[in-house]
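Throughout, read-outs are computed from the coordinates displayed, never taken from laboratory work. Because the structure is predicted, anything quoted here is derived from the model rather than measured. Methodologically, a virtual Cβ is constructed for each residue, glycine included, from the backbone with ideal geometry; neighbour enumeration extends over all protein chains shown.
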Amino acid sequence: MKQILLLSVFVVVVLAACQSKPAEIAGEKIAVEGGTYISVNADELNTMMKNKDFVFINVHTPFAGNITGTDLSIAYDQIIDPANLEQLPADKSAKIVLYCRSGRMSAIAAEALVKKGYTNIWDLAGGMVDWEQAGFNLEK
């Protein structure tokens, strides 16, 4: 009986140790007027997509494809127009991840949202170009 109890405890400990925790994504904090946003690379974004807990927005114009899982397409230079802000979460602390073709337009959009008071903005550094170079697919 004692052996069964010890074996049961051992199995519980091993199973608990084997459970994987979601990977922590540090990214790089980018300071801009009004606060910061976080820049992530393609591998970090791919990890984030496995437990997607954010609104994913393609801000590239003109359209050049989407990363699978994209929620919205809003032109980078129109992201803070009132009609487009209505599409974003009302909670300005909600996580929003932006991307474009090369990373330039999404960085501009990230900065604009931070200036508008959004506090949990993420940006794919290198955009769809780096995404594809890392071996991930686009929807054309």
Relative contact order (%) - criterion: Cα under 8 Å, at least six apart; region: segment 23-133: 34
Got a sec to turn the phi values of segment 109-125 into Karplus ³J(HN,Hα) couplings, 6.51 cos²θ - 1.76 cosθ + 1.60 with θ = phi - 60°, whole Hz, x for Gly and Pro? 5, 4, 4, 4, 5, 4, 4, 7, x, 6, 10, 9, 9, 10, 9, 7, 5
Name the GluC sites (Glu not before Pro) in segment 16-109 that are in a loop by DSSP and that have at most 15 other C-beta atoms within 10 Å, would you? Glu24, Glu33, Glu86
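Beyond 19 Å, what percent of the Cα pairs of segment 26-136 remain?
35
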Specify whether the C-alpha gyration tensor of segment 25-89 places it in the rounded, prolate or oblate class, a ≥ b ≥ c being the square roots of the eigenvalues: rounded for a/c under 1.5, otherwise prolate if a/b is larger than b/c and oblate if not. oblate
Length released on extending from Asn41 to Ala94, taking residue separation times 0.36 nm less the Cα-Cα span: 17.1 nm
Which length gain, in nm to one decimal place, applies between Lys50 and Gln133 when the Cα-Cα distance is subtracted from 0.36 nm times their residue separation? 28.0 nm
For segment 46-92, with +1 on Lys and Arg beta carbons and -1 on Asp and Glu, the positive-most of Leu72, Leu85, Thr47 along the dipole: Thr47
Gly135 neighbourhood, Cβ < 15 Å, K/R = +1, D/E = -1, net charge -4
Sorted by Cβ density within 10 Å, fewest first, the residues Ser73, Ser93, Ser102: Ser93, Ser73, Ser102
